[in-house]
Amino acid sequence: MNANPNVAVVATLVSERSRAAILTVLLDGRFHPASELAYMAGIKPQTASFHLTKLVDAEVVSVEKQGRHRYYGIRNQEVAQIMETLLSLAPPIEIRSLKQATENTAIRYARTCYDHPAGKFGVLLTNSLVNLGVISEESQSFIVTKKGERFFTDFQIDLEKIKKKRRSFSHKCIDWSERHYHLGGALGSALLERFIELNWIQRMPKSRAVKITFEGKKGFKETFLFDI
């Protein structure tokens, strides 16, 4: 990723605990109403609205209007990548309840990082793609090999269509829980969408965690040669 002055903007915004909590929730890549974000961040609705206004004004969060309702989401993958990097530098959270411990375990096991696979699942997937010779690792990104072009075509992912998107194609995204790189960008997003389409993974309500289905465990072992 190129140097971006918005790094300082995001860093300043997340120095406030409530805004950091809101942005962390939004790393699931979905749009949420202010009331839901307030509940998930553990703050009052009025407080959430105040901080969301600041985040929207700073162009870190975008808002979509549907009738009288407003839904908020992280503006782009660059913001998500900065947040994921900051999380990798932050000390572990203090676990104070069984519910919190269960959620933390689920998020570390398999989750979304904005719109691509992350957690133990995301890192295993990336390592498998490298070991299979589907992608090769460079300093800041992953490169699809000739073998990889055939692999993704067989897996019904249109690489040429993905490359036309106005975003990073296959950058290396540091995984905050695994302290290792996983595959991000448009290619990572396309894989996530394909897994959902195949019912290999399912999104969890009000959580960044994703569920690996029975079909998914079988599919990842047969196609990507790893157990999850």
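The numbers here are math on the coordinates, done by the rules we state, and not lab data. The structure presented is a predicted model; accordingly, all values stated were derived computationally and were not measured. Note that we place each Cβ from the backbone using ideal geometry, even for glycine, and neighbour counts take in every protein chain shown.
Data for the structure
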quantity	calculated
Which listed residue is of a type in the set (D, E, K, R), farther than 22 Å from residue 172 by Cβ and outside any helix (DSSP H, G or I), from 70, 19	70
Region 126-143 residues that are among the aromatic types (Phe, Trp, Tyr), paired with ones that are part of a strand (DSSP E or B) (beta carbon under 6 Å, 6 or more apart)	142/135; 142/183
Residue match in region 37-60 (condition: touching a Pro at 6+ places or on another chain (Cβ under 8 Å) and part of a strand (DSSP E or B))	no
Residues (closer than 21 Å to residue 205 by Cα and β-branched (Val, Ile, Thr)) located in region 34-83	43, 61, 63, 74
Residue list for region 73-82, restricted to those being part of a strand (DSSP E or B) and either crowded, with 21+ Cβ neighbours inside 10 Å or free of Cβ contacts under 8 Å to residues at least 24 places away in the same chain (or both)	74
Residue check, residue 120 more than 17 Å from residue 227 (Cβ to Cβ), assigned to a helix (DSSP H, G or I) and of a type in the set (Lys, Arg)	no
Subset of region 24-48 [small (Gly, Ala, Ser), surrounded by 15 or more Cβ atoms within 10 Å (Cβ to Cβ) and out of contact with any strand residue (DSSP E or B) (no Cβ under 6 Å at 6 or more places or on another chain)]	34, 38, 41, 48
